[in-house]
Amino acid sequence: MAILLSRRSNLLAVVVLLLCQLFLYATVSSSGSVLKQGGGEEFSEELLLKPFPDRKVLAHFHFQSRAPHSSSHGRHHHLFPKAIAQLVKKFRVKEMELSFTQGRWRYEQWGGFDPLSSNNAKPPGVELWAVFDVPQSLVDVYWRNLTHTLSGLFCASINFLESSTTYSAPELTFKPSFGNLRYGTLPREAVCTENLTPWLKLLPCRDKAGLSALMDRPSIYRGFYHSQRLRLTSSESGSDEVDSGIGLDQTLTVVLQPSSWRTGKTYSVETNIQPSWSISSIFGRNIPGKCVIAKSSNVYLQLDNGLVGELKNLERENAKYVANTFESEGFQSNHAFKISVTPDKVFEEVDNLHGKSTSVIYGFSVEKYSDSQPFDLGLTWKIPVVWSCQQAPLHASRFLMGSGNERGAIAISLEPTESSEGLPTSHIIDGRCELRVDIFQVVPWYIKVYFHTLQVFVDKQPRAMADVVDKIRVSPSKDKVSPGVMEMILKLPCGSKSAAFSLEFDKGFLHIDEYPPDANQGFDIPSALISFPSFNARMNFSEDEFLNNSPILSKFQHALQRHHHYMHSICIVFWIIAQCASEAC
Amino acid sequence: MAETEVSKKRKRPIVRLAVLLLSHSVLVSVICCTAGVFGLLLLPVLAKNTYISENALMPGSASSMLSNQEVSEANKLIKELNNLHSNPLGATTESHGIIAKYMSNLGAQVNNHKFHPQLNQFHPLHFFSGPDSGVMQENSTRSLYGINTVGIIRAPRGDGKEAIVLVTPYNAVKGGVRETLSLGIAYSVFSLLTRVTWLAKDIIWLVADSQYGEYAPVAAWLRDYHTPAFSNLDSLNTETCHVGNNNFESKISYGIRRSGTMAAALVLGVAYGNENEDTLGIYAEASNGQMPNLDLINIVHYLAVHRQGLRVKVEQFHWLLNSKWVKSLGEVFESLGKMVKTLNPDWKLGISAADYVEGAATLASSLYHQALGVPTGPHGAFRDYQVDAITLEFSLRISFDRLDRRNDFLLHGGRLIEGVIRSVNNLLEKFHQSFFLYLLTSPSKFVSVGVYMIAFALLVAPLPVVAASLYAKTLDLNPTSEKDKSATSNELGSVLQSWKWLNSVKTVFVVHFWGATVSLLPYFISQIPDSDPTTNFSVWILLSILSLEILRWILVSPSSHIYGLPQGEWAILKSATISSFFIGLGLMSVINFATAEIGALLMVPMALMAHPLKLDVRGQSLRSILRMICNLVLGVISFPPATFFVFKGVIEGFSGIKAGDFWNWVESLWAWNSATYLYIAARS
């Protein structure tokens, strides 16, 4: 036996040695090639600004890093963050998205239909999903390891997603997957600078140069919405030349209130004039030129189609300005507003599906600016304009019903938004007009949902489930093991005025040490996700080659992501008996 | 014999104590009762100062941000609404439009909520079912409706899981300056809160249409908020039968908008004060004697007194303030306190006589309102959904016509509300740290459950003792028969003997059943159309007597031995009645302490004194006559309140849950009362 063992160990040693040599050789050769072609890695930074109807301004930073697949280029990177590359390699991540969000995206005011909102509106707290390139039996193990790594990387308690009670494996509604997708949320995770700093460290210029220099912490955390996102895609080399390798998209979406409007005269009921702002007034900083390593560095200003339509109407009314058309002038300086910098490019959306007004995007290149002459874009309004953003086809809300300490119900209500009278006609199957709606909801195990109590009301009439629900997948929760998951594919008849679903539940009785700290705060049910697969959130632009180089705009154009809409988390308060001991109650 | 002696000695001390108590039951009950009443009177002395228990609240730690700017904006709203009142035609819809316009201009989400006022219904069993989704009767109330206007500010940082509610009752038709002023306060706070960045909980401002009372709109809104009806039964809020020709108005939806669970609710009101200084009245009692968490009252009191310089008062019985005996009692306690202080300076029991009188008056009112179970304001509706809520009523020393005075008032009121909201906003958890069970003796003093329960326990303690001693006595009365039976070992006989109490329990049960029937009757009587309270009441009395006769005929007369009056039979009956009292009072003290306390005050002496009138009449001694008079007086005293309150209930017809709670109170008291009453009646 002993001989056999020693032989084996010998063999092992030889193999290891061989491997090491191979590896060394590979790295040396590959590093040479990296130097030759600039690494094949690229980085680009962009910022999109957009005024909102409720006097707020959206700022959307987008940083994109790409690296060829590590197997062909070795372990060394010039621009691409090594931590991410290692993570992708080690955990065989095919796709991953991690978001830290504070505040709510207001679908009614900020729109829910354009690609920007449907990609970047995220539920409060932390959301993580990942697709792994491993056999199904191993997915859970890889997920657990991934959560711990991310937790360390981003200074967040993502490691709590390790427990099988917190994550789920959606199959129908979230994303087409084959059992290797995992999805988990931490609705109560607080988001702060400690999460932003490691995120910035992944950028080649950090926040020292380029667009990220704008990220003055007090200003970006003063906002009404703050969502920091990291999205990874990796594909095996050889499959597709362009997309092979690892792609890292880092976005930061903030909605800020330009401060000028408060300092001036008091806001009075009569004047609806929008606040004028500039980059320096919003962030308190300027853009000191581009990040030198970046391939491109652009700032965009988007006026959405509602606003453009409204402006055109105003234009038409004012006969004086009739000659001044949008196409020729790009209307950066017209009677309604003034942009302080002349745009380098103007993109206009072509052929919107609805044939109504189209949105306009002004592009500014930061490359010619420097420390001595910083870039500061300003928008000054001259006349009051009132418009509304494009809404999602349905307004969805979820709430708790009932009161008391024992039971209740979760209700989801869908109502057509103001823009569309009744449900928009979209999908005609067998002569019947139907709207497909997907709902994905995860409920923690201590909320014992009785799925058989699912009630469906369309137009205030109770309906049989089979009439409305096309497909349903329910995995009931197991105590202390797994959460309950409900996925529904609905087919709502067009023209319905309302739809509602209710599910009854009992509040589970928890053992004293199963309560989290501050137990009287209650428990959060994570956000539910509703999507409209029959609607594509995309924009079409006429010019192509520039757009392909711009991550934001190409996202707009090629976004075939489904229309996602989060219903914000709700909180259930459990009666805490154990706490009473502390003081008379 | 020696063996039995040994066994007697071996009896455990607790058993010996019980035997001792039983043998001196009269003495024990007298001492306990006196101590109980004394303890109740001592409560104002024992009251502790309130303190803010939850550290997270931190009231007043941030300086107030409300400035004259918000006040001047609020003044605009007030002015516009007051102008409307000068021409009452169409003021209702327009005022809603104006309020909604102001709200949405601030950036809040606005919706209207339409509701039908509930009929004055008397639902005896409503209490048990709890608030349900408003399934209304399809009757004539369809045409009557009110419109609440609701504005919601979404907190910039929050995730919308929690909300704080501001309620201002507003009657668009009859509302005077008073109500527009409370709207002004709420508006100034609301406009500030749309701009602050520290908000973590959503703010809901409910302008409740109070033309059908202040309680009904709030209750209706809460019901639709928590338990909406999805089906077609109540299509109230979707129909757009709206006359507003205003373009803006038609945009406001009637669908209810929601935020998260409510952390706290504040109801604002303004009253014309006739006092020397600006005061703030706090009303806290919700249905069925439930109170909001003491911390909520504490922060309001703290901010009002220490930050805004308002005088805070809670409800008092004013007649008690002037009563001689309370004053003299206060003096006694004052001198007692001084004496105690000479014995040990660390004991701080002494309070001045004036303080005592104040405390007693407040305590009595607090007890009364809790016992009555009728909420003292719209805040009561919130407690049914476990939301802590209070009503704040500002009263001014002079009229509101002078603008500078009014601005000052708006500023102070607004800052107070802002401070309270900011404190509640700090809360991470729901209110749980401080007391829920307490009695107030002044805005800053309270008696906690641990103290007042002692008085109650002392008062109720004689009941089991007397019951046990009575039972023991009856067993002793016929010891010979028992011995015979044991000698002959007649199994059946001994079983019968030991189960003799079942008969009396049956009687008690029958009487309670009658009580329950009688108390259910008003519901059916109220169904009779077109009847005035007096006929209702007489019908009720007639029916109850009838049902009593029927019951007696069916159930009681077969067991005619009750009339046969075997020696000791009445004692068993009394002991059974007393036991049932004890159980009832004990249970009631858990549900609603104040009711149990008042019930115990009335019932315990009567229950203990009760003695068959016939025997008394036969006895002819001075003692028995005295006892008879006592019985009759007590019986009459404890009977009329029930009749009075039920009468009131029938006339005024408390709606919904209020009636239910009121009912609960009446039923318990009634059941006990009638039992005793009938018992006495049956004896005579």
In Hz, Karplus ³J(HN,Hα) per residue of the range B:289-305 (6.51, -1.76, 1.60; θ = phi - 60°; x = Gly, Pro): x, 7, 10, x, 4, 4, 4, 5, 5, 4, 5, 4, 4, 4, 5, 5, 7
Overall Cα dimensions of the range B:294-424, principal axis frame, Å, largest first: 53, 37, 31
Additional length obtainable on full extension of the chain from B:K506 to B:D404, 0.36 nm per residue less Cα span: 29.5 nm
By average C-beta atoms within 10 angstrom, highest first, the peptides B:11-23, A:461-473: A:461-473, B:11-23
Among the listed pairs A:K90/A:K201; A:K480/B:K430; B:K11/B:K574; A:K448/A:K480, those beyond 18 Å (Cα-Cα): A:K90/A:K201; A:K480/B:K430; B:K11/B:K574
Simple spin-label estimate for A:K89 and B:R397 in nanometres, 7 Å along Cα-Cβ: 8.1
Exceeding the 19 Å Cα-Cα cut-off - candidates A:K497/B:K201; A:K345/A:K368; A:K460/A:K507: A:K497/B:K201; A:K460/A:K507
Entries of B:K48/B:K327; A:K382/B:K76; A:K175/A:K491 with Cα pairs more than 23 Å apart: A:K382/B:K76
Sequence ranges B:597-606, A:292-301, ranked by mean other-Cβ count within 10 angstrom, highest first: B:597-606, A:292-301
Cβ-Cβ FRET estimate between A:N145 and B:W347, R0 fixed at 45 Å, reported to 0.05: 0.10
3J(HN,Hα) from dihedral phi, the range A:200-209, Karplus parametrisation 6.51/-1.76/1.60, rounded to Hz, x for glycine, proline: 5, 4, 6, 7, x, 9, 6, 10, 8, 8
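Using the beta-carbon distance between A:H76 and A:I472 and R0 = 35 Å, what value does 1/(1 + (r/R0)^6) give for FRET efficiency, to the nearest 0.05?
E(calc), rounded to 0.05, equals 0.10.
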Full-extension gain in nm, B:V19 to B:L336, via 0.36 nm per residue minus C-alpha separation: 110.6 nm
Ranked list, fewest to most other Cβ atoms within 10 Å of each Cβ, for B:V590, B:V508: B:V590, B:V508
Interchain or long-range residues, amide H under 5 Å from A:C433's placed H: A:C494
J(HN,Hα) series, the range A:154-168, from Karplus relation 6.51 cos²θ - 1.76 cosθ + 1.60, nearest Hz, glycine and proline x: 10, 6, 9, 8, 5, 4, 5, 6, 5, 5, 5, 7, 10, 10, 9
For B:W514, B:W501, order by how many other beta-carbon atoms lie within 10 Å, fewest first: B:W501, B:W514
Built amide H within the under 5 Å cut-off of A:Y369, gap 5+: A:K290
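Read-outs: derived from the displayed coordinates by stated rules, not from any lab. Fair warning: this is a prediction, and the values are worked out from it, not measured in the lab. So basically every Cβ, Gly included, is an ideal-geometry build from the backbone, and we count neighbours across all protein chains shown.
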